[in-house]
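Working notes for the structure below.
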Amino acid sequence: MKFTIEKKDLLKGLQQVGSLLVKNQSFPMLENVLMEIKKNILSLTATNLETEIITKIPINNVYQTGKTVISGKKLLNICRSLPCNTIIQIEENINKINIISQNSFFSLLSIPPKNFPNVYHFTHEKEFYISQNTFKKMIYTTQFSMANQDIRYYLNGMLLEIKENNLRVVATDGYRMAICNASINFSMSSYSIILPRKSVLELTRLLNNDQSLLHIVIGKNNIKINIENLIFTSKLIAGIFPNYNSILLHNPIKIITVKISILKESLSRVAILSNPNIHGVHLHLNYGKLEISTRNQEEEEAKEIIDLVYSANINFRININVNYILDVLNVFTGQNVHFLMQKNASKIQIEEDKKSSVSYIIMPLYL
């Protein structure tokens, strides 16, 4: 193996796989990266046995092809430390990889590639295409509703559900739920999978806000997503996602419309004195005003009354986790937000002012 590459290209590739290069005392091999030169493409592969990322970097000067395994963190730190606009020469030399740049020389131990884990034997079942920015938005606007280390393991992830020409993602931790829909270009039979939490968070880092198409391939136990020059593969959660349709509000009525900026500021101020364990606030709709209040275990209290853009002619009260509302408001980009509910139901549905493909359901706190 021998080739030259620009620092910026190598650094970008290493950063793309870098989040998987974590210290692992039980399986040290996972701290390494598989490096392969084939034709004029450099492939870098990293895995944590649940997720695999392969990034492909076109290069011009290849003197000898080959494959090896070296420390990903050391290579990343070396690359970061070199001056900008540097040309790096990498060559294999008897169980070592030499890294040469201007006046710098590094020699890293190499490992036979046969020892690198080959995690995925893919069995194709379904595939579809969706624009990268649409898929990123779907994940970004719902991922905070996933559970984290819940004993109900199927909640520690995100449901991807395909019905005909619609893709729906659903995330819930049992106290709140986020749902987002998007159209896909061709009809498919119904199919659903659960993508693990760590994989969802990794995708929010890797995806860009451009119109390029993602090629998503679903296997029996895993999913593969082709992102430009990068291949992301993840295991799936085996389990049955809860029946989210039973939580949805059917034919809800709009009870208030309020400016997002005003509501965020009021909630943030009142939350300062909320109970730090449950973060509860009390919302009271009465005579066209929304009163937000809280009281903590030390009998300290806070209260604000805000004007509404619209108010239904009802009296409404609910105790709710303030962070759940703020998480929703922080992903909205419009000016106003709607709160909806059903008669004789305490849970609320939150939607943005403009026509949106995403809805949020928040369950009440019982204080």
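Quick one: would you say I139 is in a strand (DSSP E or B) and β-branched (V, I, T)?
Working: in a strand (DSSP E or B): no; β-branched (V, I, T): yes.
No: the conditions fail for I139.
Against the definition (buried (at least 18 other Cβ atoms within 10 Å of the Cβ), among the charged types (D, E, K, R) and over 16 Å from the mean Cα position of the chain (by Cα)), how does R152 come out, yes or no? Break it down stepwise before answering.
On the way: buried (at least 18 other Cβ atoms within 10 Å of the Cβ): no; among the charged types (D, E, K, R): yes; over 16 Å from the mean Cα position of the chain (by Cα): yes.
Judged against the criteria, R152 is not a match.
May I ask you to say which residue of E304, E291, E299 is outside the structural domain of M177 (by TED's automatic domain parsing) and without any contact (Cβ under 8 Å) to a residue 12 or more places away in the chain? Walk me through it before giving the result.
On the way: E304 fails: without any contact (Cβ under 8 Å) to a residue 12 or more places away in the chain; E291 fails: without any contact (Cβ under 8 Å) to a residue 12 or more places away in the chain.
Step by step, each of E304, E291, E299 is checked, and only E299 is outside the structural domain of M177 (by TED's automatic domain parsing) and without any contact (Cβ under 8 Å) to a residue 12 or more places away in the chain.
Within the range 212-231, is there a residue that is charged (D, E, K, R), assigned by TED's automatic domain parsing to the domain that holds V322 and exposed (fewer than 14 other Cβ atoms within 10 Å of the Cβ)? Before you say what the answer is, go through the steps one by one.
Initial filter on the range 212-231 (charged (D, E, K, R)): 220, 224, 228.
Among the residues that remain, those that are also assigned by TED's automatic domain parsing to the domain that holds V322 are: none.
No: the range 212-231 contains no residue that is charged (D, E, K, R), assigned by TED's automatic domain parsing to the domain that holds V322 and exposed (fewer than 14 other Cβ atoms within 10 Å of the Cβ).
Report yes if V258 is touching a helix residue (DSSP H, G or I) at 6+ places or on another chain (Cβ under 8 Å), modelled with pLDDT of 90 or more and outside the structural domain of K56 (by TED's automatic domain parsing), otherwise no. Steps first, answer last, please.
Numbers: touching a helix residue (DSSP H, G or I) at 6+ places or on another chain (Cβ under 8 Å): no; modelled with pLDDT of 90 or more: yes; outside the structural domain of K56 (by TED's automatic domain parsing): yes.
For V258, the condition - touching a helix residue (DSSP H, G or I) at 6+ places or on another chain (Cβ under 8 Å), modelled with pLDDT of 90 or more and outside the structural domain of K56 (by TED's automatic domain parsing) - is not met.
Only one of these is among the charged types (D, E, K, R), over 30 Å from Q342 (Cβ atoms), at pLDDT 90 or above and in contact with a Pro (Cβ under 9 Å, 6 or more places away or on another chain): K235, K224, K198. Name it. I'd like the intermediate steps shown before the answer.
Working: K224 fails: in contact with a Pro (Cβ under 9 Å, 6 or more places away or on another chain); K198 fails: in contact with a Pro (Cβ under 9 Å, 6 or more places away or on another chain).
That would be K235, the only listed residue that is among the charged types (D, E, K, R), over 30 Å from Q342 (Cβ atoms), at pLDDT 90 or above and in contact with a Pro (Cβ under 9 Å, 6 or more places away or on another chain).
Give the residue that is farthest from the chain's Cα centre (by Cα), with candidates limited to residues of the range 191-246 that are of a type in the set (G, A, S) and more than 21 Å from E125 (Cα to Cα). Before you say what the answer is, go through the steps one by one.
Residues of the range 191-246 of a type in the set (G, A, S): 192, 199, 212, 219, 234, 238-239, 246.
Right, trim to more than 21 Å from E125 (Cα to Cα) and you get 212, 246.
Working: S212: 18, S246: 25 Å.
Once the filter is applied, the top-ranked residue is S246.
Quick one: is K343 within 19 Å of L249 (Cβ to Cβ), touching a strand residue (DSSP E or B) at 6+ places or on another chain (Cβ under 9 Å), at pLDDT below 90 and basic (K, R)? Explain how you work it out, then say what you get.
On the way: within 19 Å of L249 (Cβ to Cβ): yes; touching a strand residue (DSSP E or B) at 6+ places or on another chain (Cβ under 9 Å): yes; at pLDDT below 90: yes; basic (K, R): yes.
Yes.
Go through the range 153-176 and give me each residue that's over 18 Å from L201 (Cβ atoms) and either among the charged types (D, E, K, R) or outside any loop (DSSP other than H, G, I, E, B) (or both). Step through it out loud before you land on a result.
Within the range 153-176, the subset over 18 Å from L201 (Cβ atoms) is 161-168, 174-175.
Listed by number, the residues that qualify are E161, I162, K163, E164, N165, N166, L167, R168.
State all residues of the range 56-97 that are exposed (fewer than 15 other Cβ atoms within 10 Å of the Cβ) and either in contact with an Asp or Glu (Cβ under 7 Å, 6 or more places away or on another chain) or not assigned by TED's automatic domain parsing to the domain that holds M29 (or both); if no residue qualifies, say none.
The answer is I87, and nothing else.
With the requirement that a residue be out of contact with any Ser or Thr (no Cβ under 9 Å at 6 or more places or on another chain) and charged (D, E, K, R), what does the range 313-367 give you?
Answer for the range 313-367, where residues must be out of contact with any Ser or Thr (no Cβ under 9 Å at 6 or more places or on another chain) and charged (D, E, K, R): K343, K347, K355.
Which of (1) over 25 Å from Q143 (Cα atoms); (2) surrounded by 15 or more Cβ atoms within 10 Å (Cβ to Cβ); (3) out of contact with any helix residue (DSSP H, G or I) (no Cβ under 6 Å at 6 or more places or on another chain); (4) not aliphatic (A, V, I, L, M) does E298 not meet, given it meets every other one?
(2)
Which one of the conditions (1) farther than 15 Å from I247 by Cβ; (2) not in a strand (DSSP E or B); (3) not polar (S, T, N, Q) does Y324 fail to meet, given that it meets all the rest?
Result: Y324 fails condition (1) only.
Got a sec? Which of L308, L283 is among the hydrophobic types (A, V, I, L, M, F, W, C) and either within 20 Å of M177 (Cα to Cα) or under 25 Å from the mean Cα position of the chain (by Cα) (or both)?
Details: L308 fails: either within 20 Å of M177 (Cα to Cα) or under 25 Å from the mean Cα position of the chain (by Cα) (or both).
L283 is the lone residue from the list that is among the hydrophobic types (A, V, I, L, M, F, W, C) and either within 20 Å of M177 (Cα to Cα) or under 25 Å from the mean Cα position of the chain (by Cα) (or both).
Can L267 be described as closer than 21 Å to E127 by Cα and out of contact with any Asp or Glu (no Cβ under 8 Å at 6 or more places or on another chain)? Working first, answer last.
Numbers: closer than 21 Å to E127 by Cα: no; out of contact with any Asp or Glu (no Cβ under 8 Å at 6 or more places or on another chain): yes.
No: the conditions fail for L267.
The values are calculated or read from the model by the stated rules, or taken from the named source; none is laboratory data. Keep in mind that this is a model prediction, so the values were computed, not measured. A quick note on method: Cβ atoms are made from the backbone with ideal geometry, for glycine too, and the neighbour counts reach across all protein chains shown.
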